[in-house]
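A quick write-up on the structure given underneath.
The values are calculated or read from the model by the stated rules, or taken from the named source; none is laboratory data. Because the structure is predicted, anything quoted here is derived from the model rather than measured. Here the Cβ is made from the backbone with ideal geometry for all residues, glycine too, and neighbour counts use every protein chain on show. Remember, those area values only see protein heavy atoms, side chains included, never the ligands or the DNA or RNA. Shrake-Rupley method; radii C 1.70, N 1.55, O 1.52, S 1.80 Å.
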Amino acid sequence: MPIVGGLDIHRKQITFDYVDTSTGDMQHGQIAPADRAHLADWLAGRFGDRRDVEFAVEGCTGWRYVAAELARAGAVAHLGEPADTAALRGRKRHAKTDRTDSAHLRQTLLEGRLPECWIPPAHILDDRALLELYRDLRVEHTAWVQRIHAVLFHQGAPRLSADGGLLNEPVRTELTAIAAEYLTPAGQVQIATALDMLQMLDGRLDTIRRQLCHAARHLTGAKILTERVYGVSSITALALTCWLGGAGRFTSTRKAVRFTGLDVTVYSSDGKRAPGHLSRQGPPVLRWCVYEAGKTHARATAPDHDYYTQVHERIDGKRAAISEARKIVRQACRILTDLGDEALQTC
């Protein structure tokens with residue numbers, strides 16, 4: 001690799017630092033503004049049709065278009081894991097700058113020490129983005145429901161007796177009557193606003209859910225996981241495939257569980273968190289999906305219901321669901337490993 005460099009990505013500019021290993025010539029500077037068009041022009045002007053160019057970038061916001069433009073220009077993009085890459089700097093001795101960051105990326109890549117992340121295909125990145133949006137909307141939906149119940153309690157109104165979602169006609173009728181009788185004008189505005197937000201969120205969630213289910217039906221890995229793994233819905237299968245799929249991703253199922261953030265932390269002298277808690281590292285969407293899938297083993301018809309019941313009685317239901325979630329990740333990892341890159345193909 002005659003030309004090796006690093007790109008430090010920011011919203012206003014991209015700082016570059018590269019070296020021509022055949023001549024020893026080093027270059028550094030900035031690309032501004034930091035957008036796709038200016039990066040493409042810079043790559044074309046600097047390197048033309050050369051195919052011996054490699055750049056390292058950190059896996060932070062903005063890496064997607066940078067990696068895409070590097071690939072389009074014939075260069076090789078190396079995606080560095082942000083935390084591990086920063087740890088290679090060692091203890092902080094002086095304030096770092098964008099130039100030192102790009103030089104650090106260049107040096108670690110040149111020495112073969114860059115902790116690289118996998119760069120998924122474009123359609124997998126799109127599916128990941130939709131999954132993250134779906135979870136964000138679900139969290140926001142739950143927050144608005146909780147606000148409604150909090151307003152009712154704060155002003156001493158009775159609890160809702162009707163069953164079902166807050167947008168069901170009987171529930172909405174009862175809520176409107178309670179608000180008119182027990183709440184102040186400000187409280188009534190709070191309830192009306194929350195109901196409007198819930199209606200908007202439900203519409204968006206329904207649209208995105210259909211898109212995700214369609215993507216899962218046409219992705220090989222997600223389709224097979226839905227058929228083989230109990231409790232895994234289309235959306236959960238899609239999340240498992242998008243984050244765990246691909247040839248050579250994990251050498252063991254234990255590493256897949258750790259990547260999901262479902263492993264238990266241990267005591268470390270340089271850590272601040274007590275042992276025995278989940279690490280909660282990795283994609284929150286994937287962890288949320290497999291935890292919901294783990295709770296399905298509470299059903300009497302579930303194949304692992306006996307184990308779930310034992311853990312539930314010995315500890316609690318949350319720990320039982322987490323244990324089942326780990327099993328689901330291990331089983332999914334084995335299936336996706338056997339499929340290799342075929343899991344990411346559309347069908």
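Based on what the data block shows, is Glu111 of a type in the set (Asp, Glu), open to solvent by 10 Å² or more (accessible area, probe 1.4 Å) and more than 28 Å from Asp127 (Cα to Cα)?
Values: of a type in the set (Asp, Glu): yes; open to solvent by 10 Å² or more (accessible area, probe 1.4 Å): yes; more than 28 Å from Asp127 (Cα to Cα): yes.
The answer is yes for Glu111.
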From the residues in the stretch 119-151 that are touching a helix residue (DSSP H, G or I) at 6+ places or on another chain (Cβ under 7 Å) and more than 30 Å from Gly282 (Cβ to Cβ), which one is least open to solvent (accessible area, probe 1.4 Å)?
Ile148
Among the residues of the stretch 246-254, are any touching a residue at least 12 places away in the same chain (Cβ under 8 Å), in a helix (DSSP H, G or I), under 18 Å from Pro283 (Cβ atoms) and of a type in the set (Phe, Trp, Tyr)?
no
Filter the stretch 303-322 down to the residues that are open to solvent by 10 Å² or more (accessible area, probe 1.4 Å) and either in contact with a Gly (Cβ under 7 Å, 6 or more places away or on another chain) or basic (Lys, Arg) (or both) and list them by number.
Arg314, Lys318, Arg319, Ile322
Does Asp163 fit the bill of being of a type in the set (Asp, Glu), open to solvent by 60 Å² or more (accessible area, probe 1.4 Å), more than 22 Å from Ile9 (Cα to Cα) and modelled with pLDDT under 95?
yes
Taking strands (runs of 3 or more DSSP E) that fall entirely within the stretch 1-72, which contain at least 2 residues that are among the aromatic types (Phe, Trp, Tyr) and either modelled with pLDDT under 95 or surrounded by 14 or more Cβ atoms within 10 Å (Cβ to Cβ) (or both)?
14-20
Within the stretch 232-245, can you find the residues that are closer than 21 Å to Leu205 by Cβ, in a loop (DSSP other than H, G, I, E, B) and open to solvent by less than 30 Å² (accessible area, probe 1.4 Å)?
Val232
Are there any pairs, at least 6 apart or on different chains, whose C-beta atoms fall under 8 Å, with the first in the stretch 7-21 and closer than 12 Å to Leu105 by Cβ and the second open to solvent by less than 20 Å² (accessible area, probe 1.4 Å) and among the polar types (S, T, N, Q), and if so, which?
Leu7/Thr15; Leu7/Ser102; Asp8/Thr15; Asp8/Ser102; Thr15/Ser102; Phe16/Ser102; Asp17/Ser102
(1) assigned to a loop (DSSP other than H, G, I, E, B); (2) within 15 Å of the chain's Cα centre (by Cα): which one isn't true of Asp127, the others all being true?
(1)
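Residue by residue, here is whether (1) in contact with a Leu (Cβ under 7 Å, 6 or more places away or on another chain); (2) over 28 Å from Cys242 (Cβ atoms) holds:
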position	(1), (2)
Ala302	no, no
Asp306	no, yes
Glu313	no, yes
Ala325	yes, no
Cys333	yes, no
Leu339	no, no
